[in-house]
Amino acid sequence: MKPHYTLRQAIISALASDLAAAAQAAESARQTATHKESIAENKYDTFGLEASYLAHGLSIRAEQSQQAIALYNALPFKNFSNSDTIALTAVVTLLTDNGEEKVFFIGPEAGGLSFTWQGKNVMLISPKTPLGSKLIGKQVDDSVTIIVAGKPVNYEIVKLES
């Protein structure tokens, strides 16, 4: 099987799981908001209103997951090697200061989503994220630093693949 196919399928599978969870939670919140026991008894009783806000937010999340699935289905994946510069659809392995390897996929949407691909835990990041924006245009053996919780975190780029 082609690496791009398995990578795309891993991403879409993770997005589909996220979509199912969001849709189920939205439906549960919608049912809570419209249940007869959620009718406000006074102006300070906002349980039903809060449940409806939650249902709306979860419905938006589900819609975003559906859009991301369509986007990843149509996304052209580029072939990368260690001599290329990092761009959209790259799989990048970074080494932390304490020797821990972390694997990231640079995608257009759904940053923060984690999935398993080829036995590796991969986190999806986008160029809009602090780490994603620092990685774009870099190469293997370059270093990047981002601030996490007020502290600098250094990464060395050790591998680039597709």
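The values are calculated or read from the model by the stated rules, or taken from the named source; none is laboratory data. Because the structure is predicted, anything quoted here is derived from the model rather than measured. Don't worry about glycine lacking a Cβ; one is built from the backbone with ideal geometry, like all the others, and counts go over all protein chains shown.
Some notes on this structure:
- Any hit, region 73-81, residues being surrounded by 12 or more Cβ atoms within 10 Å (Cβ to Cβ), touching a residue at least 60 places away in the same chain (Cβ under 8 Å) and assigned to a helix (DSSP H, G or I): no
- The set of residues in region 82-102 that are farther than 13 Å from ARG8 by Cβ and crowded, with 17+ Cβ neighbours inside 10 Å comprises ILE86, ALA90, VAL92, THR93, LEU94.
- Filtered by the rule that a residue be over 20 Å from LEU7 (Cα atoms) and touching a residue at least 60 places away in the same chain (Cβ under 8 Å), region 112-156 gives TYR155, GLU156.
- Within region 128-151, considering residues that are charged (D, E, K, R) and modelled with pLDDT under 95, the one surrounded by the most Cβ atoms within 10 Å (Cβ to Cβ): LYS128
- Residue within region 66-86 that is in contact with a Gly (Cβ under 8 Å, 6 or more places away or on another chain), of a type in the set (Gly, Ala, Ser) and closer than 28 Å to ASP142 by Cβ present: no
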